[in-house]
Every structure is written in structure tokens, then in C-alpha cells.
1. Counting just the residues of the stretch 7-23 that are surrounded by 18 or more Cβ atoms within 10 Å (Cβ to Cβ) and of a type in the set (S, T, N, Q), which one comes out modelled with the lowest pLDDT?
2. In the stretch 53-76, which residues are touching a Lys or Arg at 6+ places or on another chain (Cβ under 7 Å) and charged (D, E, K, R)?
3. Is it the case that the stretch 40-62 has a residue that's among the small types (Gly, Ala, Ser) and over 24 Å from Leu9 (Cβ atoms)?
4. Would you mind stating whether Ile72 is out of contact with any Leu (no Cβ under 6 Å at 6 or more places or on another chain) and either buried (at least 19 other Cβ atoms within 10 Å of the Cβ) or touching a residue at least 12 places away in the same chain (Cβ under 8 Å) (or both)?
5. Which of the residues belonging to the stretch 196-207 are farther than 20 Å from Gln30 by Cα and out of contact with any strand residue (DSSP E or B) (no Cβ under 6 Å at 6 or more places or on another chain)?
6. From the list Thr23, Thr53, Thr74, exactly one residue is touching a helix residue (DSSP H, G or I) at 6+ places or on another chain (Cβ under 8 Å), assigned to a strand (DSSP E or B) and of a type in the set (S, T, N, Q). Which is it?
7. Find the residue count for the stretch 175-195, including only residues that are in contact with a strand residue (DSSP E or B) (Cβ under 7 Å, 6 or more places away or on another chain), loosely packed, with under 14 Cβ neighbours inside 10 Å and β-branched (Val, Ile, Thr).
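The values are calculated or read from the model by the stated rules, or taken from the named source; none is laboratory data. Everything numeric here is computed off the predicted structure, so don't read it as measured data. Virtual Cβ from ideal backbone geometry, glycine too; neighbours counted across all protein chains shown.
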Amino acid sequence: MADAIKVPLAGSVNFDTGLYHRTSNSLQIQPVIPLQLSEQWLLVPRIVATAITYIPDLTQNTGGRIGLGDTIATFFITPARARKLIWGIGPSLLIPTATNGNLGGGKWDLGPSVVLLAEPKWGSAGVLVQNIWSLPGNSRRSSVNQIQVETSLSYNLPHDWYLVTAPTLNSDWTQTTGQRWLVPVGGGAGRTFSIWQQAVDSNVTLYYNAIRPTGNLSPKWQMSLQFTLIYPKERKSTLN
């Protein structure tokens, strides 16, 4: 969370949605930039900006909307000295930057976030949990009460390769019990390497949505391709 500035580019494709088996896709930019507040504490902003997204019209076998999606900004407070278990806590703010009503929620949302991360010798394990609620605003848009659980588990292999599973679980608390959860299962592989002395991490994963709301409105499959630029950040024991 604190040793490097990371700029992930995450492309995702959702397959087999609706009666016409439509496909949606998106590209997100997710910079993480640690800032030193004091000798004891860091502020770690994490921005998830949907640079472009395509949402098909599920009532037709062609057509859809393309444009910018919403943006989520989270600001974690975390200890400056890393230990065996790294933690961070802070607020998450959803900013309705979508260029079309079908591409975003249309309301400002706010809620708490917490992240836990451990990095044993064999790999890494982490979880990020956030729940957001809609703020007062456009009464024509649906209210939001949603939890998102981002998990990550990796196992190191020789020659800088690794196995990874990092499904994101979602639950919409405004729905009935059987319609709330989207739970993917699956995984993939990745590798860290350098391009002209630029540190890079890349991985590809495939997931099956084992639990999903009924009604064919959620995809059956997800594929994710992530490409991360890494800029090591030297720790400072005192502030200048």
C-alpha cells in the first residue's frame, strides 16, 4: 500500500448476459499514490475511474451505450511502518461522472472502506471491503445501498510468475435476499517484468459467476486483463 506508486489499467469483459447473450466491457484506470502525512501515518488515495465502458441493450440483440462510467475515490489512512498485517481505513466517494444514465448510478454515494493485506514469502493475501449509500440527489434515480468485497490471493512461481485469484463480490442490499449477491469463482496467472527499466505487473483471470441474481440481467462469465505500471517510492523517516 505504501512502497510504490501504482497505476493499474484494468480491462474487463462480461459474457453471456440476458436473453440475447450480450457482452459488455470496460477499461478502468486505478492509480494508488501514497502520501506521507507524518512519521507515523500515510494517506493512500485510490482512484477507480472508468475511462470507457460499453453497456449493451439487453432487450435487443444489437445496440447499447458507450462512454465514461462513474468514478470511485477512496482515501485510506494507514501506518507508515509496514508490519506483517498491513491495514488501512477511510471513506469512499462515488462521483457520478458517467456520460449517460445507463452507464452509471446518477447519484453521489458515500461510505466506509477498510483494507487488510499480508505478504508472506509464498505470495500475498488481501481483502478490501466498502459499503456505499446514495446521498440526497436525483429522486428519479434508484437509491444505493451496496457492498463490494475485493479479494486477492496470489502464489509465487519461478521466474517472476504467479497464480492469482482476485474475485470481486457484490451485494445490492436494496434487493430481496435471492437477488442480492454476485459471487465469481475462478483465477488466472500473471508475471512481473520490466520494459526498458520500467517495472510492470500483468495478469489475466477468468471467472464464472457461481451466484448471481436471477432474471438473466447479470453475466455468466467475467474476464479481466490487468496491466500495472509500478514506480518504487523511497520511504522517508522524517518529513522535509
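1. Per the criteria, the residue is Thr17.
2. Matches in the stretch 53-76: none.
3. No, because not a single residue in the stretch 40-62 is among the small types (Gly, Ala, Ser) and over 24 Å from Leu9 (Cβ atoms).
4. no
5. Trp196, Gln197
6. Step by step, each of Thr23, Thr53, Thr74 is checked, and only Thr53 is touching a helix residue (DSSP H, G or I) at 6+ places or on another chain (Cβ under 8 Å), assigned to a strand (DSSP E or B) and of a type in the set (S, T, N, Q).
7. 1
So that you can scan it fast, the table gives a plain yes or no per residue for (1) over 26 Å from Val183 (Cβ atoms); (2) touching a Ser or Thr at 6+ places or on another chain (Cβ under 9 Å); (3) of a type in the set (Val, Ile, Thr):
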{"residue": "Leu58", "(1), (2), (3)": "no, yes, no"}
{"residue": "Arg65", "(1), (2), (3)": "yes, yes, no"}
{"residue": "Phe76", "(1), (2), (3)": "no, yes, no"}
{"residue": "Trp87", "(1), (2), (3)": "no, yes, no"}
{"residue": "Ile95", "(1), (2), (3)": "yes, yes, yes"}
{"residue": "Gly101", "(1), (2), (3)": "yes, no, no"}
{"residue": "Ser113", "(1), (2), (3)": "no, yes, no"}
{"residue": "Glu150", "(1), (2), (3)": "no, yes, no"}
